[in-house]
Amino acid sequence: MSFYEALKLALAAILAHKLRSFLTLLGVIFGVATVIVVVSLIEGFNAYVDEKIANIGTNAFSVQRFSIEDFSSVEILNAARRRNKEVTIDDLEALKARGGFIKEVGGRSDSTGDIKFGDKTLLNVQIKATTPNIADIEKIEASNGRYFINAEEELRKYVCFIGSETAEKLFPTSNPLGQIIKIDGRTFQVIGVGKAVGSAFGQSRDMYVSMPLSTFLSIYGKRRSINISVTSASPATYEDAIEEARTLMRVRRKLSSGEKDSFGIVTPNAINELRDKIFGTIQVVAIGVTSISLVVGGIVIMNIMLVSVTERTKEIGIRKSIGAKQLDILKQFLAESTLLALLGGSIGILIAYLIAKLVAVAFSIPTALPLVWVTIALFVSSSVGLISGVYPAWKAARLDPIEALRAD
């Protein structure tokens, strides 16, 4: 018997008992769907981190008050708070003057405040404060107008660059450019609107207002920590630029060779390592727990296949009496159990895909379903069916044709 013939017989047997086949598939469907939904959510978050958080700029890293490791526990973070000094505008200027392997140095800080235009007021809006070159380092794009320029930073101009959602809420029917708005009671002129970037985890990334860093510090006070974004001259000198920045910061803080850094240097790799450490364990545990339903599904398939062998004893006897070999019977029942599980896996993947899309739309949670996981899910589900069908198929193949023909 050819493989194609075995599949035809298997499909005919499945279609002959549609309801029983569907109920048999439920365990595999739910098992695969649950695993794929979990994977889709985790992969979506990973993709979001890679695209929006870890991507802090080409050949870029951040110098800030705390490192990634400082957030590993409450005790370590409290110790870092006592040990680490604020990163200031003077540190930014020192890094900018350094040269060497360091190419660009930009600064940023943030706060929240109220924005007002006419009779419209937006409360607790994110206020971003940056140097002009942050737009190049972090790939900030304008849909209308422009970002700050160096002259506006040096002169502490009261100009602002607003997010697309901020623009829609304050200026639903008019052009925002040139308009005067109030940020915490102070008047600012709108010079640009950011390109829409959407939302993540239910939080809009287009609801903000940006101003020059020097203007922000003059209003809200210089005694606050800022984040410094640094780029290297080339990918080849990236590690050298990090070491140069670390050395300069240690010298400015007068740290001895045995003392720990009293600041943090954050790289995309550090963010990814933390993400993998946290979500790698969650992914393994989640997939392990949800895979239990696949085992249950396999047991159900084995049980139904044993029932099928008992029901079709006479059919097996007839097939053997007209020349079917043990291998042919074995192929027939293995094909049936494998096809059952494969159909369940396919339905489970489809259900999981729809659920993931619904979650993404309803809760603004990023999801992703890599092709490799679809392939793995289909392979695992078909393997479950194959393994579950081995004993029933072996039992069917070993039936004595004479005894089988006598069966009622």
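Read the figures in this text as sums done on the coordinates, not as results from a lab. None of these values were measured; they are calculated from a predicted model. All Cβ positions, glycine included, derive from the backbone under ideal geometry; neighbour counts span all protein chains shown.
Test of understanding: what is the full-extension gain from residue 90 to residue 17, defined as 0.36 nm times their sequence separation minus their Cα-Cα distance? If you can, show how the numbers build up before the last one.
Values: separation 73, 0.36 × 73 = 26.28 nm, distance 7.73 nm.
Extending this stretch completely gives an extra 18.5 nm.
Between the helical axis of 238-252 and the dominant principal axis of the chain, each derived from Cα atoms, what acute angle in degrees is found, rounded to the nearest 10?
Orientation of helix 238-252: about 40 degrees from the principal axis.
How do 75, 244 rank when sorted from fewest to most other Cβ atoms within 10 Å of their own Cβ?
Numbers: 75 8, 244 19.
Ranked by crowding around the Cβ, least crowded first: 75, 244.
Can you compute the helix-only [θ] at 222 nm over the chain? Use -39500 (n - 2.57) per DSSP H run of at least 4 residues, normalise by all residues, nearest 500 deg cm²/dmol. Display every interim value, and only then the final one.
Values: 15 runs with 227 residues, N = 408.
For the chain, the value works out to -18000 deg cm²/dmol.
The stretch 81-123: which GluC sites (Glu not before Pro) are DSSP loop and have at most 15 other beta-carbon atoms within 10 angstrom? Present the calculation step by step, with values, prior to reporting the outcome.
Details: sites: 86, 93, 104; in loops: 86.
Of the GluC sites (Glu not before Pro), the ones in loops of the stretch 81-123 whose Cβ has at most 15 other Cβ atoms within 10 Å are 86.
Compute the helix-to-body angle for 3-16: its Cα long axis versus the longest principal axis of the chain, expressed 0 to 90° and rounded to tens.
90 degrees
Using a simple spin-label model with points 7 Å from Cα along the Cα→Cβ vector, what separation in nm is obtained for residue 371 and residue 250?
4.7 nm
Which of the trypsin sites (Lys or Arg not before Pro) found in the stretch 202-237 are in a DSSP loop and have at most 13 neighbouring Cβ atoms, other than their own, within 10 Å?
On the way: sites: 205, 222, 223, 224; in loops: 205, 222, 223, 224.
Filter output for the stretch 202-237: 222, 223.
Could you tally the net charge around residue 187, taking each other residue with its Cβ under 12 Å from the Cβ of residue 187, Lys/Arg +1 and Asp/Glu -1? Working shown, then result.
Numbers: positive: 116, 157, 182, 186; negative: 184.
Counting the neighbours of residue 187, the net charge comes to +3.
Rounded to the nearest 5, what % of the DSSP beta bridges within the stretch 85-262 are antiparallel ones? Each step should come with its number before you reach the end.
Numbers: 28 of 37 bridges.
Approximately 75 percent, going by the DSSP bridge assignments.
Which residue, chosen from 225, 16, 191, occupies the Cα position most advanced towards the positive end of the dipole of the chain, where the dipole is computed from +1 (Lys, Arg) and -1 (Asp, Glu) charges on Cβ about the Cα centre?
Projecting each Cα onto the dipole axis, the largest value belongs to 16.
Given R₀ = 30 Å, what would the calculated FRET efficiency be for residue 322 paired with residue 383, taking r from the Cβ atoms and rounding to 0.05? Kindly include the intermediate steps, with their values, before the conclusion.
On the way: r = 32 Å, r/R0 = 1.08.
According to the calculation, E is roughly 0.40.
How long is the gain from residue 72 to residue 240 if the chain were fully straight, where each residue apart is worth 0.36 nm and the alpha carbon distance is subtracted?
Values: separation 168, 0.36 × 168 = 60.48 nm, distance 2.65 nm.
This chain segment gains 57.8 nm when fully extended.
Please sort 333-346, 207-220, 113-126 by packing, taking for each peptide the average over its residues of neighbouring beta carbons within 10 angstrom, highest first. Working shown, then result.
Working: 333-346: 25.6, 207-220: 21.2, 113-126: 14.7.
Taking the mean over residues of other Cβ atoms within 10 Å, the ranking is 333-346, 207-220, 113-126.
How far apart, in nm, are two points set 7 Å out from the Cα along the Cα-to-Cβ line at residue 150 and at residue 168?
Between residue 150 and residue 168, the simple spin-label model gives 3.7 nm.
Could you size up the charge dipole of the chain around its Cα centre, putting +1 on the beta carbon of Lys and Arg and -1 on that of Asp and Glu, and report it in debye to the nearest 20?
Working: 46 positive and 40 negative charges, 92 e Å.
Once rounded to the nearest 20, the dipole reads 440 debye.
Once R0 is set to 60 Å, what does the formula 1/(1 + (r/R0)^6) return for the Cβ-Cβ distance between residue 394 and residue 197, expressed as a FRET efficiency to the nearest 0.05? Walk me through the intermediate numbers first.
Numbers: r = 58 Å, r/R0 = 0.97.
Approximately 0.55, to the nearest 0.05.
Rounded, prolate or oblate, given the Cα gyration tensor of the stretch 108-206, with a/c below 1.5 counting as rounded? Don't jump to the answer; show the numbers that get you there.
Details: a/c = 1.38, a/b = 1.11, b/c = 1.24.
Since a/c stays below 1.5, the shape of the stretch 108-206 is classed as rounded.
Figure the gain on full extension for residue 205 and residue 121 (residue separation times 0.36 nm, minus the Cα-Cα span) and round it to one decimal in nm. Don't skip to the end; give the middle numbers.
Numbers: separation 84, 0.36 × 84 = 30.24 nm, distance 1.86 nm.
Here the segment from residue 205 to residue 121 would lengthen by 28.4 nm.
Rg to Rh ratio, the stretch 216-374, alpha-carbon atoms and Kirkwood radius? Kindly include the intermediate steps, with their values, before the conclusion.
Numbers: Rg = 30.3 Å, Rh = 23.1 Å.
Taking Rg over the Kirkwood Rh, I get 1.31.
For the stretch 85-262, what Kirkwood radius comes out of the mean inverse Cα-Cα distance, in Å? Intermediate results must be reported in sequence, preceding the final value.
Working: mean 1/r = 0.0572 Å⁻¹.
Answer for the stretch 85-262: a Kirkwood hydrodynamic radius of 17.5 Å.
With each pseudo-label sitting 7 Å past Cα toward Cβ, what's the residue 182-residue 354 distance in nm, one decimal?
The two pseudo-label positions are separated by 5.2 nm.
Between helix 371-397 and the chain, what is the angle of the helix's C-alpha long axis to the longest principal axis, kept within 0 to 90° and rounded to the nearest 10?
20 degrees
Antiparallel DSSP bridges in the chain: what percent, to the nearest 5?
Values: 35 of 44 bridges.
Restricted to the chain, the bridges split so that about 80 percent are antiparallel.
What lysines does residue 120 reach when the alpha-carbon gap must be under 28 Å and sequence neighbours fewer than 8 apart in one chain are set aside?
Qualifying lysines at Cα under 28 Å: 128, 157, 169, 182, 195.
Would you list which lysines come within 23 Å of residue 18, measuring only between C-alpha atoms, while excluding same-chain residues fewer than 8 positions from it?
By straight Cα distance, residue 18 reaches 8, 314, 331.
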